[in-house]
Amino acid sequence: MMLDMTTVNKLNEMRITAMARAFTEQLSDPQYNEMSFEERFGLLVDIEWSRRKNNQLTRLLKNACIQDSNACIENTRYDVDRKLDKSQILRLATNNYIAEKRNIIILGATGAGKSFMGNAFAVAACRGLYTTRCVRLPDLLDELAISRGEGTFRKTMKAYKKVALLVIDEWLLSPLKDVEAQNLLEIIEARHQTCSTIFVSQYSPAGWRAQIGEGAIAEAVLDRIIHNSHTIFIDGKISMRERFALERQNNL
């Protein structure tokens, strides 16, 4: 028994805590005596593996900065008027597009549920143990501008290049200044064909050019996005807020 407790203490010292607790449980339960060493050890490894994967998922979700805590693919609404292709959504939720270094463009009017969908794909990516980051384009542009001023632009770009999935909300809602367009091209170029980005926008790609500005930068940005992206268009006669309000009213 002393040797067993020494083993437990060593496991805890190595921070293999789930395995330590499970081993202690095995020592106190005679039923485990009927199992082979391989079976008992396999159970211990499974428990520790699950703990580490759960902790990893928790860290990924926290670092992703997901705005909607309820967002997930299984909560997606497929109302007829939204005209969502369920098979496309479920296929993209497997994260194959991330493995293929492709992008997603999510389009729709205000209140259509675009941000929810972007957040849902972010959750799916975290569940797949991909590093993920959600950010509004205005905040991203501010961050890039500040890093240029502080001389840390390359460091910031390197950090964004390491993120497997970047979800950019409020994509090109307003026209960009020249320096913003240049910074945007830098980050798009850094991630091109090396990782995936989701662009959440009210405007179709045909309207992006006017927001970026005419010229080579706009052409370069569009070329790196449009030809390597899946597109999801969310329709709907009413906004999601109105839809939920009507449902609450009908349930009274």
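Only the coordinates and a few stated rules stand behind these numbers; no lab work does. Fair warning: this is a prediction, and the values are worked out from it, not measured in the lab. Counting neighbours? That spans all protein chains shown, and the Cβs are built from the backbone with ideal geometry, glycine included.
Quick notes on this structure:
- Across the stretch 108-252, Cα pairs under 8 Å and at least six residues apart give a relative contact order of 31 percent.
- Taking TRP171, TRP49 and counting other C-beta atoms within 10 Å, the order from fewest to most: TRP49, TRP171
- Exposure proxy order (Cβ contacts within 10 Å, fewest to most) of MET157, MET14: MET14, MET157
- For LYS53 and GLN31, a Förster radius of 35 Å and the Cβ-Cβ distance give a FRET efficiency of 0.85, rounded to the nearest 0.05.
- Neighbour counts of other Cβ atoms within 10 Å put THR156, THR197 in the fewest-to-most order THR156, THR197.
- Here the spin labels are modelled as points 7 Å beyond Cα on the Cα-Cβ line, and at ARG127 and LYS158 they lie 3.5 nm apart.
- With contacts taken as Cα pairs under 8 Å and at least 6 residues apart, the chain reaches a relative contact order of 24 percent.
- Under 12 Å from the VAL8 label point (7 Å along Cα→beta-carbon), backbone N, the stretch 27-52: 27-29
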